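All remarks here apply to the structure that follows.
The values are calculated or read from the model by the stated rules, or taken from the named source; none is laboratory data. This is a predicted model, so every value here is computed, not measured. Backbone-built Cβ (ideal geometry, glycine too); neighbour counts: all protein chains shown. Side chains included, ligands, DNA and RNA excluded: accessible areas come from the protein's heavy atoms. Shrake-Rupley method; radii C 1.70, N 1.55, O 1.52, S 1.80 Å.
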Amino acid sequence: MKNKILIYTVILLCLSAVLSSAQTVIVSQVDNSTLIMDQKIKVYVSVTDLYGNPITDLTQEQFELYEAVPDKKAEKREIIFFKHGANVNEGINLMFLMDNSGSMYTNMYGQETANESAWRITYAKEAIKELLRNVNNPEDRISLISFNIRLDSEVAPTGDKASIAKALTEIERPEKEESYTELYEALYHSVDKMSNSRGRKVIVLLSDGENFPTKDENPHFPERKGLEKAIELAQREGITVFTIGLIEGARDPDLRKIADDTGGVNYKVKDISRLKEFYNHIRDRVLHEYLIMYYAGMEPSEKKYVNVKLKQGATVIQAEKERAYYSDTLFGMPQPEFIFWIFFMIPFALLLLWLLSKVRFESKQKDPCLEVLTVDGKKKKMAPLTIMENQSAVTIGATESADLTIMGEPRLKSDEVIVQKKKGTYTVVSRNTPIKVNNQLVKSKELRSGDLIKVGNTTIVFNEGIEKKLYTDPRARKSKTVVKAGKPKPPSKDKTGIIQPKTGKRK
């Protein structure tokens, strides 16, 4: 009896070890987009079972994360944030990169047929449509690019699934001279187009063959990047590429390398009817990734490597492949010599900011004036500021008795704000509530040409004018201007929107 128990125990332990070792850990993406700002690195990790299904019940304590620079031993880094299924809330950026070469218009055996339902391109389109039906997260962004000798049928990242479905129907069979497969160049430029997206970025590349470029010069890709540069760009931008070989004859080494080096998975489609399953499997895999964050090490290096270990009891499973990211911080890159001019740029930038702060809104007019601006910042009308011999100041208020009336500001009194001149200088004075002049709260301030005066919701620019006159012809009529700042309608209005007094003449 004891022997049987011992045998069963050994069998269970062996079976447990086999099942544990069957789990797969992949560092899918390393996001360094906030590295310069806060030194944080985001790492997306996929853990699947023997059948490729996501494992969703792991805890932070089961993970260890390591970072290394070339030729040095990896150092364990502290995990500062951990979350399962972060992509469910944040959404994913998913691009379909679909082969539209001539061979996509044959059946699965490469035979010409007039039956469109048997074409490979038809299966590919239907598979994408099936996945679109399962995308319900408003945060997801889907994009589409088809390719042969050029990129075509491009749809920018969007939450509008109907636009993707419509673009799929518009993909047409290429002419014979366009039916080649520029796989490497299409991948490179698609990665480049996706580089501006934020968050989790995934490309699903479907092709039924190997890179088969045109023998002639291709004006669409005048500078050929090749496979290695396409993969390097994907690594630099933190983009995962899943590849699907539509037939067993697809060039597996290239498709497998693209997926392995970017954190994706290479699928082989032996049964075309299962293509829909693969698309949904990819999305499900991405949505159930683990997000791990840590502070990057300060060891200077252009390129750094991240790896993850998963502890399952006594078993430790290491990620199949370490993932690289590029350290773009100012002092994270080794320099051949010390660059002194970098430090001179700091005071120069501060000086430039100070000079810009002195730039004022100024439009020189002949006479001193107040220039009223609308809410969107465009000029509405020049309101001449003319001070008569018997007039001590120009008043700004909400009543008709003010020289400059601002409608829709009932809190203002007729003499709430005044602009007066004493000894050759203009001063704005607020009798009660402080007003803003150049975004500073004041009750009194000597004005300079270009100063911004904020009264309620109205912005007024002071302009001394070219001829700085205090007095005009004593026989001249006192200037009266009304500005509409709210819903109340003033009595009379000319085409410019400036309301004139009832007894005055139009200028």
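Please compute one quarter of the surface area of the Cα convex hull for the stretch 109-248 and express it in square nanometres.
For the stretch 109-248, averaging the hull's shadow over all directions gives 9.2 nm².
For ASN107, what charge total do you get from the other residues with a beta carbon under 12 Å from its beta carbon, if Lys and Arg give +1 and Asp and Glu give -1?
-2
At a 10 angstrom cut-off on C-beta neighbours, averaged per residue, how do the peptides 452-464, 274-286, 432-444 rank from highest to lowest?
Highest-to-lowest ranking by the protection proxy: 452-464, 274-286, 432-444.
With every atom except the alpha carbons ignored, what do you get for Rg and Dmax of the stretch 29-169, in angstroms?
When restricted to Cα atoms, the stretch 29-169 yields Rg and Dmax of 20.5, 60 Å.
Evaluate the distance, in nm, between pseudo-label points positioned 7 Å from the Cα of VAL442 and of ASN280 along their respective Cα→Cβ axes.
A separation of 6.9 nm, rounded to one decimal place.
For the stretch 62-116, what is the Kirkwood estimate of the hydrodynamic radius, computed as the reciprocal of the mean inverse distance between distinct Cα atoms, to one decimal in Å?
17.1
What number in nm² do you get for the stretch 221-285 if you take the convex hull of its Cα atoms and divide its surface by four?
Spelled out: convex hull of the Cα atoms, projected over all directions, averaged, 5.2 nm².
Using heavy-atom solvent-accessible surface (probe 1.4 Å) with all chains present, what is the largest-first order of TRP354, TRP119?
Accessible-area ranking of TRP354, TRP119, largest first: TRP354, TRP119.
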